[in-house]
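The values are calculated or read from the model by the stated rules, or taken from the named source; none is laboratory data. This is a predicted model, so every value here is computed, not measured. Methodologically, a virtual Cβ is constructed for each residue, glycine included, from the backbone with ideal geometry; neighbour enumeration extends over all protein chains shown. Side chains included, ligands, DNA and RNA excluded: accessible areas come from the protein's heavy atoms. Shrake-Rupley method; radii C 1.70, N 1.55, O 1.52, S 1.80 Å.
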Amino acid sequence: MKTFLSAATLTLSLSVSSLAVAEPIKIGLITTLSGGGAGLGVDTRDGFMLAIKQSGNKDITVITEDDAQKPELAVQIADKMIQSDQVDILTGIVWSNLLMAVAPSANAQGKFYVSTNAAPAALAGAKCNPLYFNAAYQNDNLHEAMGEYANKDYKKIFIMAPNYPAGKDSLTGFKRYYKGELAAEVYTKVGQADYAAEIAQIRASGADAVFAFLPGGMGISFMKQYAQSGVKTPIMGPGFSFSQDVLPAIGDAALGVKASGQWVKDLDNEANKKFVPAFQKEYGRLPSLYAVQAYDAAQLILSAASKASVKDTKAFGEAMQAADIQSPRGKFKFNTNLHPIQDIYVTEVVKEDGLLTNKTVSKIFTDHGDAYAKDCKM
């Protein structure tokens, strides 16, 4: 397989509203709309659909279904969408274990998969595929940024994540850049609600900081219990653990927490200045990382669809890889493994006009790729 385009040739020029698709396209959006991870899926759906609405295209059909965070259900839905609904593209899955159950099979059936969030290492390296694009990051990326940031102030860190592919990628990424001592490396259950045992471990560990990747309801439960415990060891994490969708539920316990992200609502670029108020106007709340990633996934599909038929997989893939979009993140281009190269920031949870949100502290990585692209042989 040959890489569609050299990353050096990529440009950013079109806006969503200027696009008209070459032919009708049917998209299957599978995401988590119930249970503890529902907030992540709702923001994914809403960010994606905002871009579709802004495009004004009537030739794009989006079929949305709830995977309930269950791999077996995600597989059933994907099979139905491919075989019965005859979708051209699948997208929307939040969780890496669900993505691993769906994306390779979809690609094997000749369907594009455009990830709005999940980004397991396996699909960035040796198992990369010309029909698999990731519009978000590679799972390790934001954790790598926090590992680099932690070197500045901390010598002994307690690290913790759920025991599934993204959790393992998380701690692998953190350790890739962090140079200090680990007080402990703990894997929790996916969907865990009680963190008393882990908080006791933190208290006894002698750690001078905690790095925790606990997305969705897991992070809400942990942070509330941590605040009640009286343990004062500072918390840090990736942006998913402290994204806009969970901050209202965590409450003031999140104030001052440092995190990492490839997007922050205060980034100073024209696309972001339009995106944030447009999302607020449409949905009555601030967007999260999940919303931005899905918004860009839709933009990528719309841009490619304006230039090539989705039935011509080579031409459509080339158009996708061109990343001809205006991202609220600012710079965005694809690496040779079809995962982003982008800037990553350190953020801090603050309160603005009575609302908890994140503000930019500093840029930690410029044009950051991932550690697995070298293993991708496209």
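When each of the peptides 298-305, 24-31 is scored by the mean number of other C-beta atoms lying within 10 Å of its residues, the order from highest to lowest reads 298-305, 24-31. If only the Cβ of Lys and Arg carry +1 and only the Cβ of Asp and Glu carry -1, the dipole of the chain around its Cα centre is close to 420 debye. Here's the picture: charge each Lys and Arg Cβ at +1 and each Asp and Glu Cβ at -1 in the chain, and of Asn163, Gly173, Ser309 the one pushed furthest to the positive end of that dipole is Gly173.
Positive contributions from Lys and Arg (+1) and negative ones from Asp and Glu (-1), summed over other residues with Cβ under 14 Å from the Cβ of Gln342, come out at -2. Of the peptides 257-264, 189-196, 287-294, the ranking by mean beta-carbon count within 10 Å, highest at the top, reads 287-294, 257-264, 189-196.
Most tightly packed first, judged by the mean number of other beta-carbon atoms within 10 Å of their residues, the peptides 163-176, 132-145, 55-68 read 132-145, 163-176, 55-68. With both labels modelled 7 Å from their Cα along Cα-to-Cβ, the Leu255 to Asp353 distance reads 1.9 nm.
Across the chain, the relative contact order, built from alpha-carbon pairs under 8 Å that are at least six residues apart, equals 23 percent. A Cα-only calculation for the chain places Rg and Dmax at 19.6, 61 Å.
Counting other C-beta atoms within 10 Å, and keeping those with at most 16, which DSSP coil trypsin sites (Lys or Arg not before Pro) do you find in segment 290-345?
Lys311, Lys331
Between Phe334 and Ile341, the built amide H atoms are under 5 Å apart, and every one of these is 5 or more places off in sequence or on another chain. Which percent of the accessible heavy-atom area of the chain goes to carbon and sulfur, probe 1.4 angstrom? Answer for the chain: carbon and sulfur cover 50 percent of the accessible area. Each residue of segment 243-260 was assigned a 3J(HN,Hα) from its phi angle through the Karplus curve 6.51 cos²θ - 1.76 cosθ + 1.60 (θ = phi - 60°); the sequence is 7, 4, 5, 9, 4, x, 6, 5, x, 5, 4, 8, 4, x, 5, 8, 9, 9 Hz, with glycine and proline shown as x.
The residues neighbouring Ile157, those whose beta-carbon lies less than 13 Å from its own, together hold a net charge of +1 under the Lys/Arg +1, Asp/Glu -1 convention. Label separation (Lys377 vs Asn163): 3.4 nm, computed from points 7 Å beyond Cα along the C-beta direction. Measuring nothing but alpha carbons in segment 79-208 and taking Rh as the Kirkwood radius, the Rg to Rh ratio lands at 1.08. Using a Gaussian network model of the chain with C-alpha springs under 10 Å, which one of Val361, Val231, Val349 is most mobile by mean-square fluctuation? Result: Val231 has the largest fluctuation of those listed.
Which value, in debye to the nearest 20, gives the size of the charge dipole of segment 248-287 about its Cα centre, when Lys and Arg are +1 and Asp and Glu are -1 at the Cβ?
Result for segment 248-287 is approximately 80 debye, rounded to the nearest 20.
Rounded, prolate or oblate: which fits segment 265-378, taking a ≥ b ≥ c as square roots of the Cα gyration tensor eigenvalues, rounded meaning a/c under 1.5, else prolate when a/b beats b/c? Oblate, since a/c reaches 1.5 and b/c is not below a/b. Kirkwood radius, segment 165-311, all distinct C-alpha pairs, inverse of mean reciprocal distance: 17.4 Å.
Our coupling estimate for segment 324-338, obtained by passing each phi through the Karplus curve with A = 6.51, B = -1.76, C = 1.60 and θ = phi - 60°, is 7, 9, 9, 8, x, 6, x, 4, 8, 8, 8, 6, 5, 9, 6 Hz, Gly and Pro reported as x. In order along segment 77-87, the Karplus-derived 3J(HN,Hα) couplings, from 6.51 cos²θ - 1.76 cosθ + 1.60 at θ = phi - 60°, round to 5, 4, 4, 5, 5, 6, 8, 9, 7, 6, 5 Hz, and Gly and Pro are given as x.
Along the Cα→Cβ direction, 7 angstrom out, place labels at Asp268 and Ala108. What is the inter-label distance in nm? Those two pseudo-labels are separated by 5.0 nm.
Projected onto planes of every orientation and averaged, the convex hull of the alpha-carbon atoms in segment 262-305 covers 3.3 nm². Neighbours of Asp245 by Cβ distance under 9 Å: Lys/Arg scored +1, Asp/Glu scored -1, total 0. Amide H contacts under 5 Å for Thr188: Ala161, Asn163, restricted to partners 5 or more places along the chain or on a different chain, H placed in the peptide plane at 1.01 Å from N.
Remark: C-alpha extents of segment 227-329 on the principal axes read 59, 28, 22 Å, sorted largest to smallest. Size check on segment 150-240: the Cα extents along the three principal axes, sorted descending, read 31, 30, 20 Å.
Whole-percent P(r), segment 205-279, all Cα pairs, 10 Å bins from 0: 18, 46, 25, 10, 2. Computed about the Cα centre, the dipole magnitude for segment 222-378 is approximately 120 debye when only Lys and Arg (+1) and Asp and Glu (-1) carry charge, each at its Cβ.
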